[in-house]
1. Would you confirm, using the coordinates I've provided, whether GLY123 is within 30 Å of THR30 (Cα to Cα), small (Gly, Ala, Ser) and either surrounded by 10 or more Cβ atoms within 10 Å (Cβ to Cβ) or at pLDDT 80 or above (or both)?
2. If you go through the range 44-66, how many residues are of a type in the set (Phe, Trp, Tyr) and not in a helix (DSSP H, G or I)?
Amino acid sequence: MGSALAKVCEEVDKDPVPQTLGAIFKTARTEQGKNLDAISEHLKIRRVFLQAIENEQFDILPGGVYTVGFIRSYAQYLGLDHDTIINQLKNESFFSPVRLASVGDEQHFPTTRFVPSNMVFIGLLLLVLCGISAYFFLEDAPIHINWPAGSKTAL
């Protein structure tokens, strides 16, 4: 456990209200005298995402494992205990399931495979047209050979 986390934990114990994740990151960063641009360049995480972590605007972050990875990397860089940070993130219901918006009260999925009748009709019409075209273009046409005059060879 890093000294920065120990200081932050001591401050948390003194405060009647525990610090939020954003405050822990911001406090540790400012105590170490580091700026977001340098951290962003070192970690290869966009400055906007680091600011979102400090401001607890998790909806700005890409989400899921990317968010957890960004928070873990940022915590390790600042010398914070990343496992404690991730556990606090879990306690703040970051990982709770999200209900996706749907159209109507329930979603309707067909129980059987269904092809619309107009698609069947169009398919059959194309098949008939291809058959008629093939009949006219591929039927045996008489071969007419124009032999030179005076030739005695015949087919």
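The values are calculated or read from the model by the stated rules, or taken from the named source; none is laboratory data. Because the structure is a prediction, the values reported are computed rather than measured. No Cβ is skipped: glycine too gets one built from the backbone with ideal geometry, and neighbour counts run over all protein chains shown.
1. On the way: within 30 Å of THR30 (Cα to Cα): no; small (Gly, Ala, Ser): yes; either surrounded by 10 or more Cβ atoms within 10 Å (Cβ to Cβ) or at pLDDT 80 or above (or both): yes.
No.
2. Applying the first criterion (of a type in the set (Phe, Trp, Tyr)) to the range 44-66 yields 49, 58, 66.
This time we only want the ones that are not in a helix (DSSP H, G or I), so: 58.
Within the range 44-66, residues that are of a type in the set (Phe, Trp, Tyr) and not in a helix (DSSP H, G or I) number 1.
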